[in-house]
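Working notes for the structure below.
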Amino acid sequence: MQISVVMAVYNGKLYVQQAIDSILQQTYRDFEFIIVNDGSTDKTIEILNDIQDPRVRLIHLPQNGGAASALNMGIQNAKGKWIAIQDADDLSCPTRLEDQISYVEEHLGIAAVGTLKKCISGKTEVPERRLRN
């Protein structure tokens with residue numbers, strides 16, 4: 001396994017399902033997906049427990065300790081050669097992992113790779129001009 005995708009989530013019921021789906025629908029399929037529930041008190045727990053994909057490993061923390069601590073817990077449990085971070089309110093393009101692993105395989109001396117971002121509105125519509133800023 002090349003990639004471990006790690007996500008920390010705390011009370012993410014509004015967007016976490018979309019974030020999860022954007023990873024599970026990747027064109028690159030050989031990954032594990034570690035989701036650390038950082039003591040959520042909303043419906044996040046139910047959303048996570050409904051996941052049936054065998055690539056997903058859930059870690060439920062009893063109380064909120066912060067995103068950095070939860071991400072570190074996920075990384076410590078990762079088995080992949082590379083770690084990809086996915087925020088619980090982010091959407092990944094379908095070829096994200098495929099593009100990133102291709103890049104690191106073609107550039108063997110690198111230690112990290114990133115991507116550009118495109119901001120999108122949440123529940124309240126935000127003008128495109130403001131999103132770019």
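The values are calculated or read from the model by the stated rules, or taken from the named source; none is laboratory data. In this text, all values refer to a predicted model and were calculated from it rather than measured experimentally. Glycine gets a Cβ as well: all are built from the backbone with ideal geometry, and neighbour counts include every protein chain shown.
Some values worked out for this structure:
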| item | result |
| --- | --- |
| Residue pairs meeting the criteria (Cβ under 9 Å; at least 6 apart or on separate chains; first within 15 Å of residue 10 (Cα to Cα), in the stretch 69-82; second among the hydroxyl-bearing types (Ser, Thr, Tyr)) | 70/10; 74/4 |
| Filtered residues of the stretch 77-109 (kept if charged (D, E, K, R) and either closer than 14 Å to residue 5 by Cβ or not in a loop (DSSP other than H, G, I, E, B) (or both)) | 79, 81, 87, 90, 96, 98, 99, 105, 106 |
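Let's see how each residue does on (1) touching a Lys or Arg at 6+ places or on another chain (Cβ under 8 Å); (2) surrounded by 15 or more Cβ atoms within 10 Å (Cβ to Cβ); (3) modelled with pLDDT of 95 or more:
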position: 66; (1), (2), (3): no, no, yes
position: 69; (1), (2), (3): no, no, yes
position: 78; (1), (2), (3): no, yes, yes
position: 121; (1), (2), (3): no, no, no
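The rows are residues; the columns are (1) charged (D, E, K, R); (2) under 16 Å from the mean Cα position of the chain (by Cα).
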{"position": "30", "(1), (2)": "yes, yes"}
{"position": "33", "(1), (2)": "no, yes"}
{"position": "50", "(1), (2)": "yes, no"}
{"position": "71", "(1), (2)": "no, yes"}
